[in-house]
Amino acid sequence: MKERRKEKRLRILDAFSISVVVPKKGMHRLKLDDLSRGGAGFQIDLDGEPKALAAALPIATGDILDLRVYVNAGLYLPLAFRVARLDSQPRRVGGEFVAGDRPKRLAAYHRFFDALESILDELREDPDSA
């Protein structure tokens, strides 16, 4: 199958603390499935979340969401995110980061992603670790 994305995606390893938060949904860390220089894919609903609670945040393709990309437990980069794809069961959102009114934030994210990609290219798994 041909890759439809413009950017290379990185699967986020559990060893990293990168996560996303949609403040409009509440301050819950959401499972980040993949990350690219241009966007991300993540589950918008929490595991076991009641459907009524999930329905409280309707999302449609084309919506712009405020998104926080957390690089660790206390540091985040606020970005604007345009929804390009929405799957159900569980709701999974895919989309792109947009400059909005803060192009410096998007540029900072690009530098962060480039550094992360460079590190991941060189990481090796220790076969002796438990």
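What do you reckon, is LEU106 modelled with pLDDT under 95 and out of contact with any Gly (no Cβ under 7 Å at 6 or more places or on another chain)? Talk me through it step by step, then tell me what you get.
On the way: modelled with pLDDT under 95: no; out of contact with any Gly (no Cβ under 7 Å at 6 or more places or on another chain): yes.
So LEU106 does not fit the description; no.
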Next item on the list: Kindly indicate the residue of the range 112-130 that is assigned to a loop (DSSP other than H, G, I, E, B) and not hydrophobic (A, V, I, L, M, F, W, C) and also farthest from GLY38 (Cα to Cα) among those meeting that condition.
Entry: ASP128
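Can you tell me how many residues in the range 59-93 are charged (D, E, K, R) and surrounded by 15 or more Cβ atoms within 10 Å (Cβ to Cβ)? Before the answer, list the steps.
Of the residues in the range 59-93, the ones charged (D, E, K, R) are 63, 66, 68, 82, 85, 87, 91-92.
Still in the running and surrounded by 15 or more Cβ atoms within 10 Å (Cβ to Cβ): 68, 82, 91-92.
Going through the range 59-93 one residue at a time, the tally reaches 4.
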Check: So which of ALA56, ALA108, ALA99 ends up being small (Gly, Ala, Ser), in contact with a helix residue (DSSP H, G or I) (Cβ under 9 Å, 6 or more places away or on another chain), more than 12 Å from ILE44 (Cβ to Cβ) and surrounded by fewer than 15 Cβ atoms within 10 Å (Cβ to Cβ)?
Finding: ALA99
Checklist line | Residue in the range 113-130 that is farthest from the chain's Cα centre (by Cα), counting only those that are surrounded by fewer than 16 Cβ atoms within 10 Å (Cβ to Cβ) and in contact (Cβ under 8 Å) with a residue 24 or more places away in the chain | finding: LEU120
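Of all the residues that make up the range 16-44, how many are among the aromatic types (Phe, Trp, Tyr) and either more than 11 Å from PRO90 (Cβ to Cβ) or free of Cβ contacts under 8 Å to residues at least 24 places away in the same chain (or both)? Before you say what the answer is, go through the steps one by one.
Of all residues in the range 16-44, those among the aromatic types (Phe, Trp, Tyr) come to 16, 42.
Remaining after also requiring either more than 11 Å from PRO90 (Cβ to Cβ) or free of Cβ contacts under 8 Å to residues at least 24 places away in the same chain (or both): 16.
Here the count works out to 1.
The values are calculated or read from the model by the stated rules, or taken from the named source; none is laboratory data. The structure presented is a predicted model; accordingly, all values stated were derived computationally and were not measured. When we count neighbours, we look across all protein chains shown, and the Cβ atoms used for this are built from the backbone with ideal geometry, even at glycine.
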